[in-house]
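Take a look at the structure set out below.
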Amino acid sequence: MRTSMPRLAPADEANLVLDHSGQVNVFLVAGLLTHGGFVGDDGVLDLPALRTALQSRISRLPSLRRVAVPAGRGHAWAEVPPDLEHHVRLVEAEEAVVALERRCGELMTVPLARDRPLWELLLVPGGDLTDAAFILRIHHAIADGMSAVALVHELFNPEERRTLSGDVPVDAPTDHGRSGRAGESARRVRRLGFGLRRVLTTISGRGVPPTVLLGERSPNRGVALVDVDLGALTSRARSFGATVNDALLASVAAGFEAALRAAGEQVPATLAVSSPVALRRHGSASNQVGVMLVRLPLAGTGPDDRLRLIAARTMAEKVRARQQGTLELMRGPLGARLMDGVGHRQHLVAGFVTNVPGPAETMRLAGAPITAIWPVAVLAANVRIGVAATSYAGRLRCGVHFDARNVPGAAFAAAMQNELACLDDRSRKAHFERDAS
């Protein structure tokens with residue numbers, strides 16, 4: 001094993017810190033496969049053919065051939081060819097999406113082995129009348145949301161040009177009111193001041209009352225898969241000057257309200273969530289995301305008003321998050337250790353919500369068409385519920401990850417689905433009325 005490779009970037013090192021007992025820092029993607037390629041008409045999976053197809057692709061993806069080995073006070077990347085007999089393997093057959101949800105929940109408590117490259121692809125056989133499935137797990141030390149989507153596309157469809165669907169991140173606007181050295185100095189002072197406030201808020205911020213949404217997590221995890229037509233949702237969001245991500249946040253607000261009512265708790269006027277914001281890529285770090293804090297309106301707010309309020313709040317927060325860059329405490333391992341420690345008693349956010357644009361076209365895994373994909377995000381600190389979403393082939397697909405022993409996750413997911421369907425239906429009705437006129 002060679003240890004002369006580059007050291008981990010500080011932000012990637014920070015993501016190793018956040019991976020420990022009770023907190024598996026892995027990005028999971030689950031999907032359905034229909035017959036074709038290595039998936040036979042009888043549902044039998046030809047794993048040797050799949051491994052052969054993946055071998056050449058992995059040779060072009062260094063992050064899938066690396067192990068983090070100790071180097072001084074941190075780690076360095078050492079190249080270790082993956083054993084595809086281990087990394088690409090079968091698990092027991094499943095016959096329903098509900099069973100796939102259960103398996104995803106179980107895997108969110110199982111760490112990836114540190115002595116192997118930090119990923120695995122699990123295949124779930126189907127049958128004559130049922131789709132096969134896959135579960136891809138990638139450690140956050142080698143990929144944030146945007147780079148994970150790029151990895152998935154290169155692993156599955158290396159020959160095709162990637163087209164993203166949904167909201168594509170844009171660079172933050174610059175300050176045109178000032179120029180030269182004085183303008184840059186002023187921007188640095190503003191970023192420094194905001195960064196200091198953000199660190200203090202992260203450490204000591206309050207705002208979420210005592211609730212089942214926060215606390216020590218049990219190992220009993222649940223996952224619920226939700227989806228909606230992307231075109232209709234985009235149209236509805238734009239009619240309010242909002243984005244797909246704003247509509248997603250509105251549905252999450254409905255989910256929080258339903259979960260709190262199901263738990264017999266009082267519903268507050270607002271709850272804050274943490275939501276990552278893609279940054280302009282530069283440098284060698286695999287993790288390059290900003291973070292915005294979004295207060296979601298809950299009690300007494302209808303779908304339309306909720307969407308308007310969220311759109312107004314995220315418009316400014318996204319710009320500020322991109323200007324500020326990576327969350328200060330996630331810029332290196334020392335800050336991550338501090339955040340990991342104080343996170344177990346934080347009352348700043350009630351949940352995590354992430355949304356990454358995915359491919360607009362249908363992908364294939366070794367010739368097998370992928371009919372659906374859902375992402376599942378990490379639960380960290382004392383947060384017991386999180387939502388991850390990605391756009392894929394005309395639909396927005398979401399994974400709701402929750403502590404099944406403490407949080408009414410089914411109520412959350414059902415309300416979230418209803419809110420998305422409400423926005424979808426209103427968009428369809430508006431489209432029909434325009435056509436009729």
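What follows draws every value from the coordinates through simple rules; no lab data is involved. In this text, all values refer to a predicted model and were calculated from it rather than measured experimentally. Here the Cβ positions follow ideal geometry from the backbone for every residue, glycine too, while neighbour counts run over all protein chains shown.
What to note about this one:
- Taking a ≥ b ≥ c as the square roots of the Cα gyration tensor eigenvalues, region 346-389 comes out prolate, since a/c reaches at least 1.5 and a/b is larger than b/c.
- Amide H to amide H, with H built 1.01 Å from N, residue 288 comes under 5 Å of 144, counting only residues 5 or more places away or on other chains.
- Each other residue within a Cβ distance under 15 Å of residue 340 adds +1 if Lys or Arg and -1 if Asp or Glu, for a net charge of 0.
- Placed amide H near residue 364: partners under 5 Å, 5+ positions off or other chain: 370
- Region 291-299 - phi-based ³J(HN,Hα) in whole Hz, Karplus 6.51/-1.76/1.60, Gly and Pro as x: 9, 10, 9, 10, 8, 8, x, 10, 4
- Cβ crowding within 10 Å, taken as a proxy for footprinting-reagent exposure, orders 146, 315 from fewest neighbours to most as 315, 146.
- Close amide-amide hydrogen proximity is noted between residue 272 and 296, 350, each under 5 Å apart and 5 or more residues distant or on a separate chain (H modeled in the peptide plane; Pro and chain starts excluded).
- Fewest-first sequence of 154, 419, 85, 13 by Cβ atoms within 10 Å of each Cβ: 85, 154, 13, 419
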